[in-house]
Amino acid sequence: MALRNRVTPLGDLIEGPERGLVYGNRGCLHDGAANIRRRYNGRRWIACRLAFRGWRRRPLMQPGRFTELFFLDEATAFAAGHRPCALCRRADYVRLEEIWHKRHPGQSGADAIDAQMHDERLDRGGAQRRYEAALDGLPDGTFVLREGAPWLVRGSCLRRWTPAGYAETAARPEHEPALVITPPSLVAVLRSGWRPLVSLLHPSAMPEPP
């Protein structure tokens, strides 16, 4: 049975057979029957490695434990508002903190990062925040909303996200505003030349289409 634990760039949880390349959680979201009952539980939304120290949890979605989530890639996790785990991705987390301090002087530690992230990813009503920015100024790995669907910024192109990978390609317009999905602090991380321990982009995004 497919579980509703695949995460879209919009932060929604969907069912599907695709596991993706990045793992994570945002607290316990399910009930004793593995039905999703809430969008999130707490501010600590993390993105993890699929494998770490041989740890395995079976079955998934055990009662009272955190809900195991899967993302197509790191770009998808960033768009949904998840940051690198400080345990299984320690080197990535340390690098995130270094970048974070430059953007947010005075903010230190996971609690401060998570509080800032929570404000950037959700509005007061709990809906995902979006904001306008110049499309040609966005770094690769950023997601924008186009005709109601999430599209990945990839070089001179945009690639439409699907649970199985990136589908059709559209030209990346110049001198046009875009409705951005990825939180602004994580766009700054991408702009720094982010090279994580996990896959930043799914193989279907590479190489850049001609």
*Name the residue farthest towards the positive end of the dipole of the chain from the options A2, P59, V198, assuming +1 on Cβ of Lys and Arg, -1 on Cβ of Asp and Glu, about the Cα centre.*
P59
*Mind listing which chymotrypsin sites (Phe, Trp or Tyr not before Pro) in region 1-107 are in a DSSP loop and have 14 or fewer other Cβ atoms within 10 Å?*
F52, W55
*asked:* At 222 nm, what value in deg cm²/dmol follows for the chain if DSSP H runs of at least 4 each add -39500 (n - 2.57) and the sum is divided by all its residues, to the nearest 500?
replied: -6000 deg cm²/dmol
_Label-point separation, A134 to A34 (7 Å along Cα→Cβ), nm_ = 4.9
*Name the most mobile residue of G109, G125, G81, meaning the one with the largest mean-square fluctuation, in a Gaussian network model of the chain with Cα contacts below 10 Å.*
G125
*For region 68-123, what class follows from the C-alpha gyration tensor (a ≥ b ≥ c being the square roots of its eigenvalues): rounded when a/c is under 1.5, otherwise prolate if a/b is larger than b/c, else oblate?*
oblate
_Gyration tensor (alpha-carbon) shape descriptor, region 27-80, a/c threshold 1.5_ = oblate
*Under a Cβ-Cβ cut-off of 11 Å, what is the net charge of the residues other than C28 that fall near it, where Lys and Arg count +1 and Asp and Glu count -1?*
+2
*Comparing R38, R130, R159, which has the greatest mean-square fluctuation in the GNM of the chain with Cα pairs linked when under 10 Å apart?*
R38
*asked:* Over the chain, what is the relative contact order in percent, taking alpha-carbon pairs closer than 8 angstrom and at least six residues apart?
replied: 22
*Quickly work out the A2-to-L179 label distance, labels modelled 7 Å from Cα along the C-beta direction, and quote it in nm with one decimal.*
2.5
*Gaussian network model of the chain, Cα springs within a sub-10 Å range: biggest mean-square fluctuation belongs to which of A171, A33, A77?*
A33
*Expressed in nm to one decimal, what extension gain is obtained for the pair R53 and R191 from 0.36 nm per residue of sequence separation less their Cα-Cα distance?*
46.6 nm
*What is region 1-109's relative contact order, in percent, from Cα pairs under 8 angstrom and six or more apart in sequence?*
30
*If you keep only loop residues by DSSP, which GluC sites (Glu not before Pro) in region 108-197 have at most 11 other Cβ atoms within 10 Å of their Cβ?*
E147, E174
*Using a 1.4 Å probe over the heavy atoms of the protein chains, calculate the carbon and sulfur portion of the accessible area of region 71-210 as a whole percent.*
52
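The values are calculated or read from the model by the stated rules, or taken from the named source; none is laboratory data. Only a predicted model underlies this, so the values are computations on that prediction, with no experimental measurement involved. We place every Cβ from the backbone using ideal geometry, glycine too, and count neighbours over all the protein chains shown. Surface accessibility is based on the protein's heavy atoms, side chains included, excluding ligands, DNA and RNA. Shrake-Rupley method; radii C 1.70, N 1.55, O 1.52, S 1.80 Å.
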